[in-house]
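Some notes on the structure that comes next.
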Amino acid sequence: MSAVLSLRQVSKVYGAGNAAVHALRQVDLTVDGGELVAVMGPSGSGKSTLLTIAGSLEEPTDGEVLVCGDDVSTMSTDAQARMRRRAIGFVFQDLNLLAGLSAVENVALPLELDGVGARAARAAGMRVLEELGLAERAAAFPDDLSGGERQRVAIARAVVGDRRLLLADEPTGALDSANGEAVMRMLRAACKRGIAGVMVTHDAQLASWADRVVFLRDGRIVDQTASTGPDAMLAGDVAP
């Protein structure tokens, strides 16, 4: 499949002079549709910065970011916002679910913000929740859901519609091993549908679910390795 995300010689510097912090240094990374890439590295290595730049939430100091072949730097602020709504799904560590909306309303929200009618958006949201085994919890509010259920709702919101790129920052954080494995199965299933996925994790066992593991240190990619884990563990099935 063709590249969905391309980072070309991307650098990010915060501050100036003696106070300058080089979060990323000339990073090259390409992620194809259908591929899940895990990003690992010590604290402060630039992992989260890589995600926010890949998702156009902040701009690089130098280099190019292409999403679906389009150079993000040439887009207006409004065009970037439309691209994020339509093409990119985010799973943050704190999930960012809206407490006043039900599970299906949270999932449907990105579509409604992009102009899809409420009925059609909720129908699309229900289809994704059904795929993730959450149809019976669609009307529940986040405070009434378990941690694993909230995590699945966040992932459903990230993949609803015609998303092409999924960016996940420690998507299994604070989950037990069973729920963590279920989340990884969902990410793999999304990639099997053609989405490109980039996941930051500190857990080597979870990283083994990826097709490729990228190691960052001091803002540089210092190593990449292919993983043989996902197909052997999945056999193409999604956990209920």
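Give all pairs with beta carbons closer than 6 Å in which a residue from region 156-183 that is closer than 30 Å to residue 116 by Cα and at pLDDT below 85 meets a residue that is outside any helix (DSSP H, G or I) and of a type in the set (A, V, I, L, M, F, W, C); count only pairs at least 6 apart in sequence or on separate chains.
171/91; 182/239
Taking region 1-48, which residues are assigned to a helix (DSSP H, G or I) and either of a type in the set (S, T, N, Q) or under 11 Å from residue 214 (Cβ atoms) (or both)?
18, 47, 48, listed by residue number.
Of the residues that sit in region 76-105 and are outside any helix (DSSP H, G or I) and without any contact (Cβ under 8 Å) to a residue 12 or more places away in the chain, which one is farthest from residue 201 (Cα to Cα)?
Looking at the filtered set, the residue picked out is 76.
Considering only residues that are modelled with pLDDT of 90 or more and either loosely packed, with under 14 Cβ neighbours inside 10 Å or touching an Asp or Glu at 6+ places or on another chain (Cβ under 8 Å) (or both), which ones fall in region 91-114?
Residues satisfying the conditions are 98, 99, 100, 103.
Return a yes/no flag: does region 73-87 have any residue that is modelled with pLDDT of 90 or more, in contact with a strand residue (DSSP E or B) (Cβ under 7 Å, 6 or more places away or on another chain) and closer than 20 Å to residue 192 by Cβ.
Yes, some residue in region 73-87 is modelled with pLDDT of 90 or more, in contact with a strand residue (DSSP E or B) (Cβ under 7 Å, 6 or more places away or on another chain) and closer than 20 Å to residue 192 by Cβ.
Here is a list of conditions, (1) within 24 Å of residue 7 (Cβ to Cβ); (2) at pLDDT below 95; (3) surrounded by 19 or more Cβ atoms within 10 Å (Cβ to Cβ), and residue 65 meets all of them except one; can you say which number that is?
It is condition (2) that residue 65 fails.
Which members of region 110-146 meet the condition of being touching a residue at least 12 places away in the same chain (Cβ under 8 Å), outside any loop (DSSP other than H, G, I, E, B) and touching a helix residue (DSSP H, G or I) at 6+ places or on another chain (Cβ under 7 Å)?
If the condition is that a residue be touching a residue at least 12 places away in the same chain (Cβ under 8 Å), outside any loop (DSSP other than H, G, I, E, B) and touching a helix residue (DSSP H, G or I) at 6+ places or on another chain (Cβ under 7 Å), then 110, 111, 113, 121, 122, 124, 125, 126, 128, 129, 137, 142 are the ones that fit.
Looking only at region 7-62, which residues are crowded, with 16+ Cβ neighbours inside 10 Å and free of Cβ contacts under 8 Å to residues at least 24 places away in the same chain?
52, the sole residue that qualifies.
Just give me the residues in region 209-225 being in contact (Cβ under 8 Å) with a residue 60 or more places away in the chain and closer than 21 Å to residue 166 by Cβ, in sequence order.
209, 210, 211, 212, 213, 214, 215, 216, 221 - these are the residues of region 209-225 that are in contact (Cβ under 8 Å) with a residue 60 or more places away in the chain and closer than 21 Å to residue 166 by Cβ.
What is the one condition in (1) within 14 Å of the chain's Cα centre (by Cα); (2) assigned to a helix (DSSP H, G or I) that residue 172 does not satisfy?
(2)
The values are calculated or read from the model by the stated rules, or taken from the named source; none is laboratory data. Since the model is a prediction, treat every value here as computed from it, not as a measurement. No Cβ is skipped: glycine too gets one built from the backbone with ideal geometry, and neighbour counts run over all protein chains shown.
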